[in-house]
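Novice: There's a structure below that I have some questions on.
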Amino acid sequence: MSHAPQQDRPDAGRPRRPDQPPVVLEPLGWSDIGALAELELLLFPGDSPWTAEMFRSELAAGHHYVVHRNASGAVDGYAGLSRGDEEAAVRTIGVRPDAQGTGVGRAMLEGLLEAAGERRVLLEVRTDNEPALALYRSCGFTRIGLRRNYYWPSGADALTMERPIQGRGQVR
């Protein structure tokens, strides 16, 4: 779930520029979980950041998680997806503030969508997170609902968004 509002950026939701290096994603490893919990505290302090135990549960459940590392090898982005028979759900996406606007979030979302395959994909996002909303819309997501007071303890609202089933070159 993308929840914290990010800085306004003119490049939000736009594809990576050709002069930017490619974004390399890796599967989340057990040893990365502490770094994810620290990033959650940084990114989502007012909205019940996920704990290390929550990430361990996600990984143990077999959910699909990826990370991005900066030049020094530290995790500066992460994203997760749960998959069912007919639909998938974006569980979380987080990008360290100094890496926002570099294409990391887009690459992670595109990686999740690829992992979703021919499934409908759902997500929740804070209504005031304009950069995330722009990204999701640019990747084919549309609003299907509003969840009042979804994030706690802030009480912020969330939009539920959907990307319809994709496959065989067409939307079903």
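The values are calculated or read from the model by the stated rules, or taken from the named source; none is laboratory data. Computed from a predicted structure; not experimentally measured. Reconstructed Cβ throughout: ideal geometry from the backbone, glycine too, with neighbour counts over all protein chains shown.
Novice: Condition first: polar (S, T, N, Q) and under 20 Å from Val24 (Cβ atoms). Now tell me which residues in region 45-91 satisfy that.
Specialist: Asn70, Ser72
Novice: Which one is surrounded by the fewest Cβ atoms within 10 Å (Cβ to Cβ) among residues in region 87-103 that are charged (D, E, K, R) and free of Cβ contacts under 8 Å to residues at least 40 places away in the same chain?
Specialist: Asp98
Novice: Counting just the residues of region 49-67 that are in a loop (DSSP other than H, G, I, E, B) and of a type outside the set (A, V, I, L, M, F, W, C), which one comes out surrounded by the fewest Cβ atoms within 10 Å (Cβ to Cβ)?
Specialist: If we take residues in region 49-67 being in a loop (DSSP other than H, G, I, E, B) and of a type outside the set (A, V, I, L, M, F, W, C), then Gly62 is surrounded by the fewest Cβ atoms within 10 Å (Cβ to Cβ).
Novice: May I pose another question? List the strands (runs of 3 or more DSSP E) that sit entirely inside region 68-172 and contain at least 3 residues that are in contact with a Pro (Cβ under 9 Å, 6 or more places away or on another chain) and at negative phi.
Specialist: Here the list reads 120-126.
Novice: Tell me, please, whether a residue that is modelled with pLDDT under 95 and of a type in the set (A, V, I, L, M) can be found in region 51-70.
Specialist: Among the residues of region 51-70, not one is modelled with pLDDT under 95 and of a type in the set (A, V, I, L, M), which makes the answer no.
Novice: Pull up region 21-48, narrow it to residues that are in contact with a Ser or Thr (Cβ under 8 Å, 6 or more places away or on another chain) and either in a helix (DSSP H, G or I) or of a type in the set (S, T, N, Q) (or both), then point me to the one that is surrounded by the most Cβ atoms within 10 Å (Cβ to Cβ).
Specialist: Among them, the one singled out is Glu40.
Novice: To continue, here is another question. Out of Arg106, Arg83, I need the residue that is modelled with pLDDT of 95 or more, crowded, with 19+ Cβ neighbours inside 10 Å and among the basic types (Lys, Arg). Which one?
Specialist: So the residue among Arg106, Arg83 that is modelled with pLDDT of 95 or more, crowded, with 19+ Cβ neighbours inside 10 Å and among the basic types (Lys, Arg) is Arg106.
Novice: If you don't mind, there's one more thing I want to ask. Can you tell me which residue in region 124-150 is nearest to Thr92 (Cα to Cα), limited to those that are surrounded by 20 or more Cβ atoms within 10 Å (Cβ to Cβ) and in contact with a helix residue (DSSP H, G or I) (Cβ under 9 Å, 6 or more places away or on another chain)?
Specialist: Val125
Novice: Let me ask something else. Spot the failing condition for Arg147; the list is (1) at pLDDT 95 or above; (2) within 27 Å of Ala35 (Cα to Cα), and only one is missed.
Specialist: Going through the list (1) at pLDDT 95 or above; (2) within 27 Å of Ala35 (Cα to Cα), Arg147 breaks only (2).
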